[in-house]
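Let me begin by presenting the structure, written as structure tokens, before commenting on it.
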Amino acid sequence: MFFKQFTGFLPLLILLADIVSIAVQDYPDFGIIMAMLVINACLGFHEEHKAKKSLDELSHQLESEVAVRRNGETLQLNVKELVPGDVVLLVGGTIVPADTQWIKGDKVSVDTAPLTGEPIPRKYPGEHGDVILSGTTVVAGECYGRVLRTGADTEIGNAQKDVMADKTVTVTSVFQKKIMLVVQVLVSACFALVIAVLLVEGLYYDGFSTDASQVILDAVSVFKYLFYHGMIYLLHHNSRYLH
């Protein structure tokens, strides 16, 4: 999670400038750039770690247990530990933890609204079969059921998997596209000027033969100056949109 903060277009670009700075022995600029990268990584890591910790705490609070008959023993297990073949006890008010086949007990009344949208509870076993689907709620009755499918293999799990697949598609706004286009143009222009400095100062004025490190340092300084002021100009003129 920490090293991930150093990935991305801009962090890698700044890291490249840092490598060039140390290569030409420009230690003050190397220290400043490295400090910026580390501070940015620490801040990003802190926020991401805090968000993950909050999510883990919330997930722990949402976990529930169910009475399970497994290998001749009755256990109280977390629902995420269920496996096909377990026998679970379903009573009124229980959210069905997996796709479960009714095997013994009362004819239970099950609220299937989360899956079907039907306001009237269904009876199991009955005209809809004897498989009670995960995510539904037992309204009345008490029965034993054999776990058939768990997790993403259940009906509701498959539906959620499809929804999550749709959410992984990144949607970029028109404004974001324009900003990234401007940044790419700015970086390309800076690189073009850096190459021009290297060609003119290094080749035309024979700088590579006399002091190659100074030529590279001048090129890096030009890049940093143009990129810094270009980004300041961009942020200043688009601040109202960024807010």
Nearest-10 value in Å² for the accessible area of Asp29, using the 1.4 Å probe: 40 Å²
Sequence of Leu133, Leu12, Leu82 when ordered by accessible area, the most exposed leading, probe 1.4 angstrom: Leu12, Leu133, Leu82
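Between their Cα atoms, which of Lys4/Lys52; Lys178/Lys224; Lys80/Lys104; Lys4/Lys177; Lys104/Lys161; Lys50/Lys224 are more than 25 Å away from each other?
Beyond 25 Å: Lys104/Lys161; Lys50/Lys224.
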Residue-level accessible surface for His49, protein heavy atoms, 1.4 Å, Å²: 90 Å²
Nitroxide proxy distance, nm - points 7 Å out along Cα→Cβ at Val131 and Leu16: 5.4 nm
Mean projected area in nm² (Cα convex hull; one quarter of hull surface) for region 68-129: 4.8 nm²
Only Lys, Arg (+1) and Asp, Glu (-1) charged, at Cβ; region 54-148 dipole about Cα centre in debye: 360 debye
FRET efficiency for Lys104 and Lys161, using Cβ-Cβ distance with R0 set to 41 Å, rounded to 0.05: 0.85
Loop GluC sites (Glu not before Pro), region 43-135 (other Cβ atoms within 10 Å of the site Cβ: 14 or fewer; DSSP): Glu63, Glu127
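The values are calculated or read from the model by the stated rules, or taken from the named source; none is laboratory data. Small disclaimer: the values here were computed from a predicted structure and weren't measured. When we count neighbours, we look across all protein chains shown, and the Cβ atoms used for this are built from the backbone with ideal geometry, even at glycine. Surface accessibility is based on the protein's heavy atoms, side chains included, excluding ligands, DNA and RNA. Shrake-Rupley method; radii C 1.70, N 1.55, O 1.52, S 1.80 Å.
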